[in-house]
Amino acid sequence: MRYARALLVSLQYPTGYNRLPNQPPSGLGHVAEELEGRLEYDVMDMALGYTGPDLLRRIRQFRPDIVGVSMMTFGYRRTYDLLMRVRQEYPTLPIAVGGAHMSTFRRKAMEDCPAIDYGFVMEGEFSFRDLCLGTDPEAIRGILFRKDGRVEETPGGVIERLDDVKYPRYGRFELQRYVVKRMNIVTSRGCPYRCTYCPVESAIGRRFRPRSPESIVAEISYWHGRGYRDFGIADDNFSLLPERVDALCALLEARQLDITLECSNGLRADSVDERLLGRMRKVGFRTVAFGVEAGNNRMLEVLRKQESIEVIEHAIRVSCDLGFDVILFFLVGSPTETWDDVQESMALAQKYPVSDARFYNIIPFPNTELFEWVKSRNCFLRDPEEYLNDASLFENSPCFETPELNRAQRRELLSLTARVTREIRHKALSRRLKRYGLAGRLAASVFLSGWFRSLYLGNRHVRAAGESLKSLFGVGARS
């Protein structure tokens with residue numbers, strides 16, 4: 001069956017993740033681009049403040065032949081309820097779901113939510129397009145569908161040539177409504193490493209597939225022509241092939257675009273050196289992040305990071321010396337981790353003049369070695385179906401405990417690391433604003449003014465920045 005009109009939906013999540021819609025969702029942007037010129041479609045990003053009734057109203061107005069939803073596991077019960085509401089109102093309207101949740105749970109998701117007619121695993125750009133164009137589901141890769149009361153699944157696979165995937169132009173998105181005029185770019189997919197806590201294999205695959213430097217620059221140039229100057233690299237492993245980054249820098253240098261770029265999703269420290277980082281800094285990279293995860297080599301081995309603390313520290317030191325804004329990521333409470341191990345993580349975070357350090361509540365996701373470890377030892381503090389619905393990397397709510405760290409100790413450590421994060425951010429703000437003297441004080445005053453704070457009221461990172469400014473400069477602000 002051919003579907004001539006499709007409505008694409010990105011969801012609103014209650015806390016953490018996309019509470020503030022800073023940029024359009026790139027995954028749905030890629031899907032939309034494959035539909036462009038082939039069929040009629042519309043887009044609804046519910047992170048912009050839309051509700052369930054708004055979605056039902058949009059369906060009534062647009063009258064799609066199929067609805068495609070991009071879904072994370074966080075808040076999945078809320079999403080299931082929303083899909084069931086759509087099914088009740090429009091019983092014959094097919095609903096297709098893609099994203100990390102479907103890639104992870106597959107048949108179980110279809111069984112738990114009868115409203116889902118089609119599920120797409122791994123990469124769905126071509127698969128969803130082919131379904132809409134009338135291809136028999138049995139001939140489409142990586143799709144789940146219902147047939148004769150059963151859920152059928154075709155063999156999956158990844159897209160080998162990412163240059164064949166059109167980059168998003170967000171033609172039907174409400175670009176003017178996003179808080180920050182900044183564009184995220186995905187330049188590669190997949191990660192060959194086997195860190196114990198990461199579900200990358202089921203979500204996007206281990207085979208690393210990079211876009212060409214020419215393709216990346218074409219996308220940056222397109223958005224530069226539309227007035228964008230700030231870009232974020234959203235890859236899981238941007239610098240895995242240093243020669244590719246070097247070639248990209250050469251092309252950017254030749255274009256001489258007035259842009260800034262951020263690698264705030266995390267680089268591997270063992271894939272960059274002083275020369276490459278210096279080249280990146282020269283062409284506009286301003287922020288780099290490193291997934292440190294732990295503060296000593298024993299814990300890095302437990303997590304199967306396949307890099308040493310010495311290499312990580314060297315990359316941090318060089319990045320700070322080159323003037324990057326450096327962000328560090330840590331996990332709290334990994335298997336066998338002790339109180340002293342977490343203290344080493346906190347010490348490392350405070351050792352260098354970094355801009356931010358984030359300590360995450362570690363969550364065992366299905367299809368990971370961590371999940372199987374916790375399950376085999378019966379260490380869960382909450383049933384997985386419960387914590388996967390509402391547990392957050394950003395919250396003080398442990399999902400499991402170990403002989404080394406019980407629930408109370410984990411909560412205390414998460415509180416301590418949150419304090420370290422605040423102190424690091426305060427110091428970073430102090431360094432930055434002191435460089436601007438009086439201008440810094442004026443910026444602080446504007447930042448803390450009522451109208452500006454109200455715009456960002458839901459963002460705790462900005463609230464922390466505001467508290468930093470008040471403590472540093474004595475700027476008052478009414479709550």
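The values are calculated or read from the model by the stated rules, or taken from the named source; none is laboratory data. All values derive from a computational prediction rather than experimental measurement. For neighbour counting, all protein chains shown are included, and Cβ atoms are generated from backbone atoms with ideal geometry for every residue, glycine included.
When the residues of segment 277-290 are filtered to those that are surrounded by fewer than 22 Cβ atoms within 10 Å (Cβ to Cβ) and part of a strand (DSSP E or B), which remaining residue is nearest to the chain's Cα centre (by Cα)? First the steps, then the outcome.
Within segment 277-290, the first condition is being surrounded by fewer than 22 Cβ atoms within 10 Å (Cβ to Cβ), and the residues that meet it are 277-279, 281-284, 286-287.
Next, only the ones that are part of a strand (DSSP E or B) stay: 286-287.
On the way: R286: 19, T287: 16 Å.
So, considering only residues that are surrounded by fewer than 22 Cβ atoms within 10 Å (Cβ to Cβ) and part of a strand (DSSP E or B), the one nearest to the chain's Cα centre (by Cα) is T287.
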With aliphatic (A, V, I, L, M), within 25 Å of R129 (Cβ to Cβ) and surrounded by fewer than 18 Cβ atoms within 10 Å (Cβ to Cβ) as the only criterion, which of A254, A218 stands out? A218
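Just one of T196, T187 is in the same structural domain as F330 (by TED's automatic domain parsing) and within 29 Å of M46 (Cβ to Cβ); which is it?
On the way: T196 fails: within 29 Å of M46 (Cβ to Cβ).
Only one candidate passes the filter, namely T187.
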Taking G134 as the residue in question, decide whether it is modelled with pLDDT of 95 or more and at positive phi. yes
Positions within segment 260-278 being touching a helix residue (DSSP H, G or I) at 6+ places or on another chain (Cβ under 9 Å) and of a type in the set (S, T, Y), in sequence order: S271
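So which strands (runs of 3 or more DSSP E) stay within segment 69-157 end to end and still have 3 or more residues that are within 26 Å of L39 (Cα to Cα) and within 27 Å of the chain's Cα centre (by Cα)?
Numbers: elements: 95-98, 118-120, 143-147, 150-153.
The strands (runs of 3 or more DSSP E) meeting that bar are 95-98, 118-120.
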Of those in segment 310-327 that are buried (at least 20 other Cβ atoms within 10 Å of the Cβ) and within 16 Å of M346 (Cα to Cα), the residue nearest to the chain's Cα centre (by Cα) is I327
Those residues of segment 351-385 which are farther than 30 Å from E310 by Cβ and among the basic types (K, R) amount to K375, R377, R382
Can you pull out the residues in segment 211-244 that are of a type outside the set (A, V, I, L, M, F, W, C), within 22 Å of the chain's Cα centre (by Cα) and under 21 Å from V180 (Cα atoms)? E219, Y228, R229, D230, G232, D235
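Residue by residue through segment 314-361, note down the ones that are in contact with a Cys (Cβ under 6 Å, 6 or more places away or on another chain) and of a type in the set (A, V, I, L, M). Spell out the reasoning first.
Here is the first cut: in segment 314-361, the residues in contact with a Cys (Cβ under 6 Å, 6 or more places away or on another chain) are 326, 352-353.
Across segment 314-361, the qualifying residue is only V326.
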Could you tell me whether segment 114-127 includes any residue that is crowded, with 20+ Cβ neighbours inside 10 Å, in the same structural domain as Y50 (by TED's automatic domain parsing) and among the polar types (S, T, N, Q)? yes
Looking at (1) in contact with a Leu (Cβ under 7 Å, 6 or more places away or on another chain); (2) under 16 Å from L416 (Cα atoms); (3) not in a loop (DSSP other than H, G, I, E, B), which is the one condition that is false for E337? (3)
Does G190 satisfy being exposed (fewer than 14 other Cβ atoms within 10 Å of the Cβ) and either farther than 27 Å from D270 by Cα or of a type outside the set (K, R) (or both)? no
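Kindly evaluate V69 against the criterion of being modelled with pLDDT under 95 and touching a strand residue (DSSP E or B) at 6+ places or on another chain (Cβ under 8 Å). First the steps, then the outcome.
Details: modelled with pLDDT under 95: no; touching a strand residue (DSSP E or B) at 6+ places or on another chain (Cβ under 8 Å): yes.
Spelling it out, it is not the case that V69 is modelled with pLDDT under 95 and touching a strand residue (DSSP E or B) at 6+ places or on another chain (Cβ under 8 Å).
If a residue has to be more than 30 Å from F400 (Cβ to Cβ) and assigned to a loop (DSSP other than H, G, I, E, B) to count, how many in segment 173-211 make the cut?
11
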Subset of segment 222-239 [surrounded by fewer than 20 Cβ atoms within 10 Å (Cβ to Cβ) and within 22 Å of R194 (Cα to Cα)]: A234
Looking for whichever is out of contact with any Gly (no Cβ under 7 Å at 6 or more places or on another chain), of a type in the set (F, W, Y) and not in a helix (DSSP H, G or I) here; the options are F394, F359. Which one fits? F359
Can you tell me which of (1) closer than 22 Å to T73 by Cα; (2) in a loop (DSSP other than H, G, I, E, B) is the one P403 doesn't meet? (1)
Please go through segment 347-363 and pick out each residue that is without any contact (Cβ under 8 Å) to a residue 60 or more places away in the chain, within 14 Å of A294 (Cβ to Cβ) and in contact with a Lys or Arg (Cβ under 9 Å, 6 or more places away or on another chain). none
Give all pairs with beta carbons closer than 7 Å in which a residue from segment 364-379 that is of a type in the set (F, W, Y) meets a residue that is not in a loop (DSSP other than H, G, I, E, B); count only pairs at least 6 apart in sequence or on separate chains. F365/F371
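For every residue, the table says whether it meets (1) under 30 Å from P366 (Cα atoms); (2) at pLDDT 95 or above; (3) buried (at least 18 other Cβ atoms within 10 Å of the Cβ).
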site	(1), (2), (3)
E385	yes, no, no
S397	yes, no, no
E412	yes, yes, no
S430	no, no, no
G437	no, no, no
S449	no, no, no
Just need a number here: residues in segment 218-237 that are touching a strand residue (DSSP E or B) at 6+ places or on another chain (Cβ under 8 Å) and either basic (K, R) or closer than 12 Å to M280 by Cα (or both). 1
